[in-house]
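One structure is given here, and the rest of the page talks about it.
The values are calculated or read from the model by the stated rules, or taken from the named source; none is laboratory data. Just so we're clear, the structure is a prediction, and the values are computed from it rather than from any experiment. Here the Cβ is made from the backbone with ideal geometry for all residues, glycine too, and neighbour counts use every protein chain on show. Quick note on the areas: whole protein, heavy atoms, side chains included, nothing else; ligands and nucleic acids left out. Shrake-Rupley method; radii C 1.70, N 1.55, O 1.52, S 1.80 Å.
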Amino acid sequence: MLEKHQSELIEHAMAIGALKFGSFTLKSGRISPYFFNAGLISSGSMLATLSAGYASLIHSALESSDYVKFDVLFGPAYKGISLAACTAMVLHRDYGIDVGFAYDRKEAKDHGEGGMMVGAPVSGKKVLILDDVMTAGTATRNAVDMIRSGGGEVVGIVLCLDREEVGKEGGSTVKEMEEYVGGPGRVKAILRMQDLMAWLEGQGRAEVLAVMKDYRDKYGVKDGHQDR
């Protein structure tokens with residue numbers, strides 16, 4: 001069963017075209033039966049829905065000790081900036097968790113405060129990264145490296161959607177990133193491909209569900225259950 005914030009996120013994302021089912025050519029060349037574009041999440045209602053999902057997942061991870069207590073939410077530029085800011089607010093409002101938020105620039109600033117980082121300092125801090133979808137993992141790895149070079153410790157990564165696919169080399173990008181930041185369970189997601197399939201089943205959309213199953217059989221991670 002999907003949680004309320006998961007169903008709401010799927011339905012709201014579909015309403016604005018951020019989540020579509022059909023036939024889409026990905027950068028990898030794969031023909032995917034669905035496509036998610038977080039760049040279209042640009043309204044107050046959608047940001048509220050998405051940040052509530054992030055905050056709920058983070059709170060659950062902290063309560064279950066999957067994540068250690070952290071100090072800063074980091075949102076990689078540009079999509080991650082609003083995600084980190086809104087989620088920090090919801091964590092404080094709904095769960096009494098008060099953390100800073102930070103983000104990076106695409107180019108270093110040589111005046112004012114300068115540098116590549118903006119917001120709460122990460123030096124000596126434990127940092128949780130928020131991102132939308134991890135494909136090859138390059139952008140997320142760059143964020144991890146930037147935080148480490150700034151003296152911070154990355155304790156986990158939270159995604160909006162885990163496509164649960166193998167990469168070009170046959171391994172799981174998510175599992176590779178988990179090892180990069182400390183081990184199993186360090187990368188979590190509000191939604192996974194299997195959640196989208198559960199929603200389709202509940203809606204009686206058998207034809208789309210069948211195509212999704214074929215795609216999962218071809219490209220899905222085969223080494224067992226993925227952590228949320």
Practice task
Filter the range 7-35 down to residues that are in contact with a helix residue (DSSP H, G or I) (Cβ under 7 Å, 6 or more places away or on another chain), assigned to a loop (DSSP other than H, G, I, E, B) and either in contact (Cβ under 8 Å) with a residue 60 or more places away in the chain or among the hydrophobic types (A, V, I, L, M, F, W, C) (or both), then give me how many there are.
Solution key: 3
Problem - Within the range 150-163, considering residues that are at pLDDT below 95 and open to solvent by 20 Å² or more (accessible area, probe 1.4 Å), the one farthest from residue 55 (Cα to Cα) - result: 150
Problem - All positions within the range 186-214 that are closer than 20 Å to residue 67 by Cβ and of a type in the set (A, V, I, L, M) - result: 187, 189, 190, 191
Exercise for the section: State whether one or more residues within the range 64-84 are touching a His at 6+ places or on another chain (Cβ under 8 Å) and assigned to a helix (DSSP H, G or I). Expected result: no
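Working carefully through the options 79, 4, find the one that is without any contact (Cβ under 8 Å) to a residue 24 or more places away in the chain and of a type in the set (D, E, K, R).
Values: 79 fails: without any contact (Cβ under 8 Å) to a residue 24 or more places away in the chain.
Going through 79, 4 in turn, just one is without any contact (Cβ under 8 Å) to a residue 24 or more places away in the chain and of a type in the set (D, E, K, R): 4.
Please state which one of 48, 38 is of a type in the set (A, V, I, L, M, F, W, C), farther than 23 Å from residue 136 by Cβ and touching a helix residue (DSSP H, G or I) at 6+ places or on another chain (Cβ under 9 Å).
Numbers: 38 fails: farther than 23 Å from residue 136 by Cβ.
Step by step, each of 48, 38 is checked, and only 48 is of a type in the set (A, V, I, L, M, F, W, C), farther than 23 Å from residue 136 by Cβ and touching a helix residue (DSSP H, G or I) at 6+ places or on another chain (Cβ under 9 Å).
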Handout entry: Unique residue being modelled with pLDDT of 90 or more and of a type in the set (Asp, Glu) when the list is 207, 169
Key = 207
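Identify all residues within the range 46-55 that are in contact with a His (Cβ under 8 Å, 6 or more places away or on another chain) and either open to solvent by 40 Å² or more (accessible area, probe 1.4 Å) or farther than 29 Å from residue 215 by Cα (or both); write none if there are none.
Just the residues of the range 46-55 that are in contact with a His (Cβ under 8 Å, 6 or more places away or on another chain), to begin with: 46, 49, 52-53.
Matches in the range 46-55: 52 only.
Residue-by-condition table, conditions (1) open to solvent by less than 30 Å² (accessible area, probe 1.4 Å); (2) at pLDDT 95 or above:
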{"site": "44", "(1), (2)": "no, no"}
{"site": "72", "(1), (2)": "yes, yes"}
{"site": "88", "(1), (2)": "yes, yes"}
{"site": "95", "(1), (2)": "no, yes"}
{"site": "99", "(1), (2)": "yes, yes"}
